[in-house]
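Read the structure below first, then the notes.
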Amino acid sequence: FKARWWALNKVKSVCSYCGTGCQLTLGVKDNKVLTTVYDENQGFHNGQLCTRGRFAYQFVNSDNRLTTPLIKKNGKFVEAGWDEALKLVSEKLGAAKGSVGALTTAHLTNEELFLFEKLFRGTLGSDNIDHSAGYAHAALTEGAQKAFGTVTSPSEIADIQKTNLLLVIKTDAYETHPVLGFEINLGVKRQGVSLRIVSDKKGKISRLPGAKTSVHKPGTEIAFVNALANVIIAENLAVAGVAGLDQLKAALADYTPEKVAAVTGVAAEEIVALAKEYAAAEKALIMLPIGLGYPGHDAALAQAVANLAILTGRIGKEGSGLLIMGEKNNSQGAADLGIYPKNGGLKGAAIIDGAANGQVKALFIAGENPVVSYPNRKKVEAALEKAEFVVVSDLFLTETAQFADVVLPAVSFAEKNGTFTSVGRRVQQINKAVKPAGLAKSDFEILNDLNAALSGKRYGNVAEVFGEIAATVPAYQGLTLSGLGDEGAVLPVAPAAKLNAVAAPAVPAAAGKLALVTGSALYHSGTLSRFGEGPMYVCGDAYAELSEADAKALKIEEGDAITVKSDVGSVSLKAKVGKRLPAGVVFAPYHFADASINTVTDGAAVTLVTVGK
Ligand code: SF4
């Protein structure tokens, strides 16, 4: 960068990528974020950041940023002023009152999400609101709500190093939440924590000393977890007096290790050994992440996993319990603020369908890119093409924004104030470090302006909205913005513990087909990181990864151009051949806009594909 560190203006903030909630210090000069400055006194992570937090801030300064509102006229975007753009948007939203759909990203601040909820559920009377694919974190927290009576995890990040046994389900924290990966590393190497992984593929954390990974067939994780519960009950390893134990025992009677071994491909003895080891540990913490392409059964998965912690009496105990790892920086805030349909409204994918069939008359998308991130890209594109009126607020003219009637230029985390709530339930402040790009406005301003135009109610500033959150969202009660300080505040949680029997979904199989697993490779969701030079330098091309056995059978070598094809579409990708995948599984990262794998995914528990040159 182009300045000595002492010449930089240093602004404390919070990373805007994943839910870990790492604090960082932005180094600013001439209204540009030039670096992040290492500060060992910051946060639970002592200033450590992953590649994204450290090097992927360049999207803030990107020349591709939107700097003025755009209105589509005769099929082409024309630059417009804010007055014209907001007048058009408020008129269209007002006319569609009661049948508006609204999608947002959990990259927005709590205060912006509060205004989002006020505008769409309140002023416009629509329950069709959702964030970042309702199949993911929202569904996990829906499961948590059923198990614990709260959308928050009962455990904290600090529990990772206080436990004796970590059971991580379908995760590679080094990819999804890298600094939590460092925490796991420290737990294993310094505290002697035993690491057990249940996943459809091996990841980097599988290489940690003593780690054992049970690799199951894609889509069979609920059957696997149910079998663990079955063994815990059958072997009398459940704590005494757990309410609902007999009902759960009856409901899971069929999930014997032998039967589940046939479904998951993991040996019955391995399932029994893991169940016994988990139950015997003095303290045991389960980590359940999203961001790995979970396909539709997350609420059930969260309940199945919660059963293990409840059966063994691990809720509310230090170093034990369940940590749900929200994908985005403010996934937890979005859950806390109710950014999902509550009263029978449409969920994310159904909102897009509704825009195509007329059920949704006006669609507002804030910071989300469903064309790339939702399953079945062609279907999403066709729906947006058909939609009556689409508004997108974003930093960039994304693949989704191309379909919009109005595009509103929004700002990044470095250009605004507000709060995010992390995986560990910590509410932390971000601080404005640079002026907005061009005429861009924060989503706070955009949503506040629209709400004022439609309801007459205008909020003053971030502190006022935070005060209203503290007054209306029970977990935030008593908090003030000024009281958060540098450390932030950890929200209290008082989890109940209710066993819920859930059935494992049927998993399709077909001769000659492979099961497609999608997930993250360095980038996170890609909405921001693809505009950063750092990650693009390390991992710039979309690829599909095959096991050595499948590659040999299909005569595919590393670097070959291959086609991955399903019933809904096909995509050409570069082949990667690796040791971590079992035969019968193909993996592809989901965040590349070109050659995107969501051309192939269909939203089912498992997408079956053929792969060839
Ligand atoms: Fe940012 Fe997550 Fe990396 Fe921390 S772990 S620096 S929050 S992307």
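Computed from the coordinates by the stated procedures, all read-outs in this text should not be read as laboratory data. Keep in mind that what you see is a predicted model, and the values were worked out from it rather than measured. Reconstructed Cβ throughout: ideal geometry from the backbone, glycine too, with neighbour counts over all protein chains shown.
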Completion exercise
Given a Förster distance of 56 Å, the FRET efficiency implied by the Cβ-Cβ spacing of ALA471 and ASP254, rounded to the nearest 0.05, works out to 0.70
Problem - Scattering profile of the chain at q = 0.08, 0.10 Å⁻¹ [log10 I(q)/I(0), Debye over alpha-carbon scatterers] - result: -0.54, -0.87
Exercise for the section: Only loop residues by DSSP count here, and only those with at most 16 other Cβ atoms within 10 Å; note down the GluC sites (Glu not before Pro) in the range 301-404 that meet that. Expected result: GLU318, GLU388
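For the ranges 141-154, 472-485, 554-567, 16-29, what's the packing order if you count other beta-carbon atoms within 10 Å of each residue, average per peptide, and put the highest first?
Numbers: 141-154: 22.2, 472-485: 13.9, 554-567: 15.6, 16-29: 24.5.
Put in order of decreasing packing, that is 16-29, 141-154, 554-567, 472-485.
Report the rotationally averaged projected area of the range 177-295 based on its alpha-carbon convex hull, in square nanometres.
If I average the Cα hull's projected area over directions, I get 8.0 nm².
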Handout entry: Positive-end residue, the range 233-358 charge dipole about Cα centroid, Cβ charges, pick of LEU323, TYR278, ALA267
Key = LEU323
Exercise for the section: Convert 4 °C to kelvin, take the viscosity as 1.567 mPa s, use the Kirkwood radius over C-alpha pairs of the range 5-61 as Rh, and evaluate the Stokes-Einstein diffusion coefficient in µm²/s, rounded to a whole number. Expected result: 114 µm²/s
Exercise for the section: For the chain, give the magnitude of the charge dipole about the Cα centre (Cβ charges: +1 Lys/Arg, -1 Asp/Glu; no others), in debye to the nearest 20. Expected result: 600 debye
Exercise for the section: Report the normalised scattering of the range 1-98 as log10 I(q)/I(0) at q = 0.12, 0.13, 0.19 Å⁻¹, calculated by the Debye formula with identical scatterers on the alpha carbons. Expected result: -0.61, -0.67, -0.88
Completion exercise
Excluding residues fewer than 8 positions from LYS435 in its own chain, the lysines with Cα under 16 Å of it are LYS10, LYS12, LYS29, LYS32, LYS416
Practice task
Mind jotting down the three principal axis lengths of the range 280-369 based on Cα atoms? Whole angstrom, largest first.
Solution key: 55, 24, 23
Fill in the blank from the handout: One would report the Cα pair-distance distribution of the range 143-209, bin width 5 Å, in %, as 4, 16, 25, 24, 16, 10, 4, 0
Fill in the blank from the handout: Ranking ILE339, ALA503, ASN431 by how far each Cα lies towards the positive end of the charge dipole of the chain (+1 on Lys and Arg Cβ, -1 on Asp and Glu Cβ), the top one is ASN431
Exercise for the section: Tally the DSSP beta bridges in the chain and give the antiparallel ones as a percent, rounded to 5. Expected result: 45 percent
Fill in the blank from the handout: Among GluC sites (Glu not before Pro) in the range 420-520, those in a DSSP loop whose Cβ has at most 15 other Cβ atoms within 10 Å are GLU487
